[in-house]
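Beneath this line is the structure, given in structure tokens, with notes to follow.
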């Protein structure tokens with residue numbers, strides 16, 4: 001279903017890169033989870049080493065892409081509610097937006113899944129019965145700062161800088177925004193509200209779960225009967 005969504009013109013619009021990132025990585029995440037559930041349905045045998053290496057890093061990428069995609073979506077909605085062109089008017093602005101969105105949606109997740117994950121990687125990977133290959137992050141404060149913080153930082157940026165402006169401007173200037181949306185064939189009012197709902201749901205879910213996970217991880221580290229790892 002996510003693959004079909006990726007193939008529609010709704011997602012392939014240049015301004016909708018955040019949704020494309022989200023659908024692409026969620027598709028592969030769901031596919032891999034289904035395959036792993038079959039292979040390790042009744043066992044936790046250590047096998048398929050190269051496959052598990054790839055999958056564990058892919059899981060790390062996906063965990064970062066989800067909140068980053070929401071940040072990209074919210075930022076685009078911010079530009080729309082500011083009554084700016086969906087596509088930036090100047091070549092320099094287009095290059096800047098292109099660089100920002102690809103950095104958030106691809107470069108940062110690759111950095112987290114690569115060198116940052118390597119720093120706090122306790123084992124090559126983990127195998128759980130019924131789940132298959134999983135990441136193996138150690139339980140240190142450093143791992144919380146380098147890895148788990150990425151589930152909290154993007155939603156906080158969205159809420160602090162973009163989302164209030166989107167809600168406030170749409171409430172105050174809904175007529176102007178409606179006219180702007182109608183004048184752009186690439187984004188309709190219906191698609192705008194769908195993306196706004198997607199960004200809202202993800203922010204409401206990602207931020208509380210991210211904060212709760214970080215708090216529990218810090219608590220577990222502080223209560224561990226081992227030398228304090230950092």
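The values are calculated or read from the model by the stated rules, or taken from the named source; none is laboratory data. Keep in mind it's a predicted model, so treat the numbers as computed, not measured. Cβ sites come from the backbone with ideal geometry, for glycine too, and all protein chains shown count toward neighbours.
For the reader, a short list of remarks on this structure follows.
Listed here are the residues, each with its yes/no results for (1) out of contact with any helix residue (DSSP H, G or I) (no Cβ under 9 Å at 6 or more places or on another chain); (2) surrounded by 14 or more Cβ atoms within 10 Å (Cβ to Cβ); (3) outside any helix (DSSP H, G or I); (4) at pLDDT 95 or above.
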{"site": "77", "(1), (2), (3), (4)": "no, yes, no, no"}
{"site": "80", "(1), (2), (3), (4)": "no, yes, no, no"}
{"site": "87", "(1), (2), (3), (4)": "no, yes, yes, no"}
{"site": "100", "(1), (2), (3), (4)": "no, no, no, no"}
{"site": "106", "(1), (2), (3), (4)": "no, yes, no, no"}
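- Checking 158, 149 one by one, the residue that is crowded, with 19+ Cβ neighbours inside 10 Å and either in a strand (DSSP E or B) or modelled with pLDDT of 80 or more (or both) is 158 and no other.
- Test: residue in region 176-193 that is modelled with pLDDT of 65 or more and under 23 Å from residue 103 (Cα atoms): no
- Every residue from region 122-146 that is closer than 21 Å to residue 32 by Cα and either surrounded by 16 or more Cβ atoms within 10 Å (Cβ to Cβ) or touching a strand residue (DSSP E or B) at 6+ places or on another chain (Cβ under 8 Å) (or both): 125, 126, 127, 128, 132, 133, 134, 135, 136, 137
- Residues in region 108-131 that are under 20 Å from residue 25 (Cβ atoms) and assigned to a helix (DSSP H, G or I): 10 in all.
- Matching residues in region 132-146 - criterion: being in a loop (DSSP other than H, G, I, E, B), at pLDDT 90 or above and farther than 16 Å from residue 109 by Cα: 136
- Comparison of 62, 81, 90 shows that the only residue that is in contact (Cβ under 8 Å) with a residue 24 or more places away in the chain and over 30 Å from residue 127 (Cα atoms) is 81.
- Residue 54 vs. criteria modelled with pLDDT of 90 or more, surrounded by fewer than 18 Cβ atoms within 10 Å (Cβ to Cβ) and in contact with a strand residue (DSSP E or B) (Cβ under 7 Å, 6 or more places away or on another chain): no
- Being at pLDDT 90 or above, crowded, with 19+ Cβ neighbours inside 10 Å and within 20 Å of residue 117 (Cβ to Cβ) is a description that does not apply to residue 72.
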